[in-house]
1. Of a type in the set (S, T, N, Q) and open to solvent by 20 Å² or more (accessible area, probe 1.4 Å) - does that describe any residue in region 108-115?
2. Return yes when Ala15 is over 14 Å from the mean Cα position of the chain (by Cα), open to solvent by less than 70 Å² (accessible area, probe 1.4 Å), touching a residue at least 40 places away in the same chain (Cβ under 8 Å) and over 19 Å from Gln123 (Cα atoms) and no when it is not.
3. I'd like the full set of residues that are out of contact with any His (no Cβ under 7 Å at 6 or more places or on another chain), open to solvent by 50 Å² or more (accessible area, probe 1.4 Å) and not in a helix (DSSP H, G or I), limited to region 116-130.
4. Against the definition (farther than 24 Å from Glu126 by Cα and either open to solvent by 20 Å² or more (accessible area, probe 1.4 Å) or touching an Asp or Glu at 6+ places or on another chain (Cβ under 7 Å) (or both)), how does Glu27 come out, yes or no?
5. Within region 48-73, how many residues turn out to be assigned to a helix (DSSP H, G or I) and modelled with pLDDT of 95 or more?
6. Conditions: (1) within 20 Å of the chain's Cα centre (by Cα); (2) surrounded by 15 or more Cβ atoms within 10 Å (Cβ to Cβ); (3) aliphatic (A, V, I, L, M). Ala104 meets all but one. Number of the miss?
7. Which residue pairs have Cβ atoms under 6 Å apart, sit 6 or more places apart or on different chains, and have a first residue in region 104-124 that is over 15 Å from His58 (Cα atoms) and a second that is open to solvent by 30 Å² or more (accessible area, probe 1.4 Å) and modelled with pLDDT of 95 or more?
8. Being in contact with a helix residue (DSSP H, G or I) (Cβ under 7 Å, 6 or more places away or on another chain), farther than 30 Å from Ile202 by Cβ and polar (S, T, N, Q) narrows it down to one of Asn92, Asn80, so name that one.
Amino acid sequence: MAKCAKAKMKPGDYAMPSDDQLKELRESNKLVIWVLGGPGSGKGTQCDKIVAKYNFTHISTGDLLRAEVETGTERAKALNAIMKEGALVPMNVVLALLAERMIATVKTSNGFLIDGYPRELAQGQEFEKSIKPCDLVLYMKASDATLVQRLLNRGKTSGRTDDNEETIQKRLKTFHAHSDPIINNYTSKVSEIDSERDTEAIFADVVKAIDAVKK
């Protein structure tokens with residue numbers, strides 16, 4: 001029996017939207033906020049609180065990719081093949097999906113909360129060049145010791161196989177290798193939030209940081 005041909009990405013499958021399509025987004029005064037933080041830093045909790053207060057559009061790149069795969073289109077099948085192999089999703093794919101989601105929601109959104117992106121400096125630079133400048137980088141900062149302890153505690157109940165100390169240390173090493181250059185490059189836009197406190201104290205500082213750049 002002949003094997004089914006594996007779906008392959010074609011040129012133009014994830015082309016960036018045109019300048020005309022991006023015009024409204026670029027000319028809007030909607031805030032663009034990147035949220036960075038190591039595993040266990042409490043990013044998810046703070047993103048939920050930000051959305052509830054400001055009605056921002058919360059875009060998680062992981063959710064974006066999963067939702068795209070679920071559409072079942074030809075380009076999505078090719079994307080799924082890449083993800084199943086454990087290969088890195090090309091930067092242009094993530095960038096195009098981000099742009100598409102932002103264009104689709106620009107009329108109804110008060111701003112954009114980009115969660116877990118950029119993962120490395122080149123992604124941030126390409127985002128600003130191709131889509132729109134970022135207004136604020138929220139860096140949920142906690143010591144590695146705190147993050148390890150939180151994740152180990154989570155592992156006791158989560159059943160997640162990656163919540164063990166060896167894997168956690170590797171994830172933290174990867175996070176710092178890729179994210180520290182972003183923090184260092186965007187110093188004028190970075191607001192470091194001490195995330196080793198209770199949720200409400202953290203959120204109070206998040207609100208101050210956002211209100212300081214609101215347009």
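1. For region 108-115, residues of a type in the set (S, T, N, Q) and open to solvent by 20 Å² or more (accessible area, probe 1.4 Å): present.
2. Considered against the rule, which asks whether it is over 14 Å from the mean Cα position of the chain (by Cα), open to solvent by less than 70 Å² (accessible area, probe 1.4 Å), touching a residue at least 40 places away in the same chain (Cβ under 8 Å) and over 19 Å from Gln123 (Cα atoms), Ala15 comes out as no.
3. none
4. no
5. Qualifying residue count, region 48-73: 7.
6. All conditions pass for Ala104, except number (2).
7. Leu121/Pro181; Leu121/Asn185
8. Every option except Asn80 fails the conditions.
The values are calculated or read from the model by the stated rules, or taken from the named source; none is laboratory data. All values derive from a computational prediction rather than experimental measurement. Cβ atoms come from the backbone with ideal geometry, glycine included; neighbour counts cover every protein chain shown. Side chains are part of the model used for accessible areas, which takes the heavy atoms of the whole protein and leaves out ligands, DNA and RNA. Shrake-Rupley method; radii C 1.70, N 1.55, O 1.52, S 1.80 Å.
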